[in-house]
Amino acid sequence: MVVNPSAADVPLPSLAFVRERALEATDVAFVIMDATDPVGPIVWVNDAFEQVTGYSLADVIGRNPRLLAGHGTDPLARGRLRTLVESGQSGTVTLLNYRADGTSFWNQVSVSPMHDDAGRCTHWVGVQVDVTPQVARQEAQLREVEEERRARSGLSVLSELSDLVMDLDSPRALHGITRLLERRVVEVARFFVVEPGEPRPRGGRDDPVARLLDGLSGEPVMLRIDDPTPPRGSASRWVRDKVADDDPAARAFAARGAVVVLPLMGRREPLGVLVVVLREDARTVTVSEDGVLTLLRLTAHRVGVALDVMRLYAREHRLAETLQRAMLPEQAEIPDLDVWTYYAPSATHAQVGGDWFDVLHIDDGLVGLVVGDVVGHDIEAAAVMGQLRSIVRSYAFERGTPGSVLERVDQLVEGMGMTRAASLVLGLLRSDDDGAWGLEYSRAGHLPPVIVRDGQAMTLDGAGGALVGFGRTDRGTAELALERGDVLVLYTDGLIERRHTPLREGLDQLLAVSAEVRTRDAAGIG
């Protein structure tokens, strides 16, 4: 069996508690729109959305997010957002919006499409962040740069910098920013970041770099890197050692003897420093008055905020992945059956999602197989996945047919009002008194299992139905007599879905590969 994952039984109330706490712990607003309706109506928002906009779910349900726009909203920004939606692409746009009370705020909106199994866009997910303080600070600094540095084309540098900061999750993004600064602004530039878990450099109040890293000062400081007096472990010594270890910039730093240090200020604390050597034409100007430093302050601030946001999302993804992996079952050992399971997190979705599998040893001669997929790649998808896993597992142990089990799952899910769509396939393997095995299965909007027999692979297309919670009619149950040596493959779309490749083509590739398998054990087939 080839699939994706989940472990220990977690009680339903505990999972709901984890989901609610996870959503409450983030200040990121989420909104989901119906892509099948030309109006693009809102179908769900979280509590953070109400905190940011002042609109409750009841206020916005059925309305388009354009209700946040107003007289000051830039038409070009709205056009960029509309272009993303019309082209079906993910992206981020920052624009001026208005709360329910009429006050304005800068809204950083990231949109992503959600697709069904057929590849059709069914919903749009929007992530909204109030970046008003950051925009206000940036605009103030931009005004200073424009006034002081217009003759030196500082604005063009900022434009390039903005593009680079937007791609800060790339490993070479910081290198690109330093190259821009060295090409247009300073002689040498380096970013030194305190990584998560790394001891923060310390020092007394007389250590100017320590004051920067402790958040006590945000002003650039001049540091003599040829000064041997800073003690080991101090912040100034930390910068000096970082500079000395950085070839080939170390010679340029040493030739000047002094550097300018600026803090990379995150949302709550500095995350590191920007160290630069000013060009000769700027050294005669005092630090506090030089327009170059205004540009450097803005650079350090933008990089600090971007790094902090990137770490915030990374922590949320790690939390979701931990939650997901905690619910993966152990490898099953069942007499007369050779079972192999495999879970590979999606590299394109930060290792987070709602895929799961389960192998249920219900009784001697009765084994349940489950593979499912909750829409989304975030904490909520993992939490909903855990709830569904527990529901299906509980009903499957009542020994009903797969169709009747899914009917009960539909009823409970509909009553719970789950906000995420999900698909699954439930199979029951039964053995008779002669030791022969048979398969009963039912599908709720999920891709068909694959059976491999005598070098031929084919899909099991029977007992198909609507997604979980949308079964308005009786669920069917299909049956298949199994023969010794048969291979049954259950999977999620992550196994066969590739960007720019039709799902049907991916399924055909799976059938072709499965038919060529000649090994006699499940692990070898996987």
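Surrounded by fewer than 24 Cβ atoms within 10 Å (Cβ to Cβ), within 23 Å of the chain's Cα centre (by Cα) and either at pLDDT 90 or above or not β-branched (Val, Ile, Thr) (or both): does that describe MET385? Quick ask: steps written out before the conclusion?
Values: surrounded by fewer than 24 Cβ atoms within 10 Å (Cβ to Cβ): no; within 23 Å of the chain's Cα centre (by Cα): yes; either at pLDDT 90 or above or not β-branched (Val, Ile, Thr) (or both): yes.
Answer is no for this residue.
With respect to ASP434, determine if the residue is surrounded by fewer than 19 Cβ atoms within 10 Å (Cβ to Cβ) and either of a type in the set (Asp, Glu) or in contact (Cβ under 8 Å) with a residue 40 or more places away in the chain (or both).
Working: surrounded by fewer than 19 Cβ atoms within 10 Å (Cβ to Cβ): yes; either of a type in the set (Asp, Glu) or in contact (Cβ under 8 Å) with a residue 40 or more places away in the chain (or both): yes.
Taking the combined requirement at face value, the residue satisfies it.
Among the residues of the range 220-235 satisfying the criterion of being farther than 22 Å from HIS301 by Cβ and under 37 Å from the mean Cα position of the chain (by Cα), which is modelled with the lowest pLDDT?
This residue is GLY233.
For the criterion of being touching a strand residue (DSSP E or B) at 6+ places or on another chain (Cβ under 9 Å), polar (S, T, N, Q) and under 30 Å from PRO113 (Cα atoms), THR401 fails.
Taking the numbered list (1) of a type outside the set (D, E, K, R); (2) over 17 Å from VAL111 (Cβ atoms); (3) crowded, with 18+ Cβ neighbours inside 10 Å in turn, ALA48 passes all entries but (2).
For the range 450-465, the condition of being in the same structural domain as LEU406 (by TED's automatic domain parsing), in contact (Cβ under 8 Å) with a residue 60 or more places away in the chain and more than 19 Å from LEU426 (Cβ to Cβ) holds for at least one residue. Count of the range 474-504 residues, restricted to those that are farther than 22 Å from ALA463 by Cα and either at pLDDT 90 or above or β-branched (Val, Ile, Thr) (or both), is 1.
Filtered by the rule that a residue be modelled with pLDDT of 70 or more, farther than 13 Å from LEU274 by Cα and either in contact with a Gly (Cβ under 6 Å, 6 or more places away or on another chain) or not in a helix (DSSP H, G or I) (or both), the range 168-186 gives ARG172, VAL185. Could you list all residues from the range 51-66 that are surrounded by 13 or more Cβ atoms within 10 Å (Cβ to Cβ) and either in a helix (DSSP H, G or I) or within 21 Å of the chain's Cα centre (by Cα) (or both)? Residues satisfying the conditions are VAL52, THR53, LEU57, ASP59, VAL60, PRO65, ARG66.
So, GLY485, is that one under 24 Å from ASP116 (Cα atoms) and part of a loop (DSSP other than H, G, I, E, B) or not? Quick ask: steps written out before the conclusion?
On the way: under 24 Å from ASP116 (Cα atoms): no; part of a loop (DSSP other than H, G, I, E, B): yes.
When the stated conditions are applied, GLY485 does not pass them.
Looking only at the range 311-333, which residues are loosely packed, with under 14 Cβ neighbours inside 10 Å and either within 30 Å of MET166 (Cα to Cα) or modelled with pLDDT of 70 or more (or both)? Give the steps one after another, and end with the answer.
Looking only at the range 311-333, we keep the residues that are loosely packed, with under 14 Cβ neighbours inside 10 Å, and these are 314-315, 318, 322, 330-331, 333.
ALA314, ARG315, ARG318, THR322, GLU333, listed by residue number.
Residues that are of a type in the set (Phe, Trp, Tyr) and either surrounded by fewer than 24 Cβ atoms within 10 Å (Cβ to Cβ) or out of contact with any helix residue (DSSP H, G or I) (no Cβ under 8 Å at 6 or more places or on another chain) (or both) do not occur anywhere in the range 438-450.
Of all residues in the range 85-103, those satisfying the criterion of being farther than 14 Å from GLN128 by Cβ and touching a strand residue (DSSP E or B) at 6+ places or on another chain (Cβ under 8 Å) are VAL85, GLY88, GLN89, SER90. The range 67-150 holds strands (runs of 3 or more DSSP E) entirely within its bounds, and those carrying 1 or more residues that are without any contact (Cβ under 8 Å) to a residue 40 or more places away in the chain map to 91-98, 104-115.
The values are calculated or read from the model by the stated rules, or taken from the named source; none is laboratory data. The model shown is predicted, which means the values in this text are computed figures rather than measured ones. We place every Cβ from the backbone using ideal geometry, glycine too, and count neighbours over all the protein chains shown.
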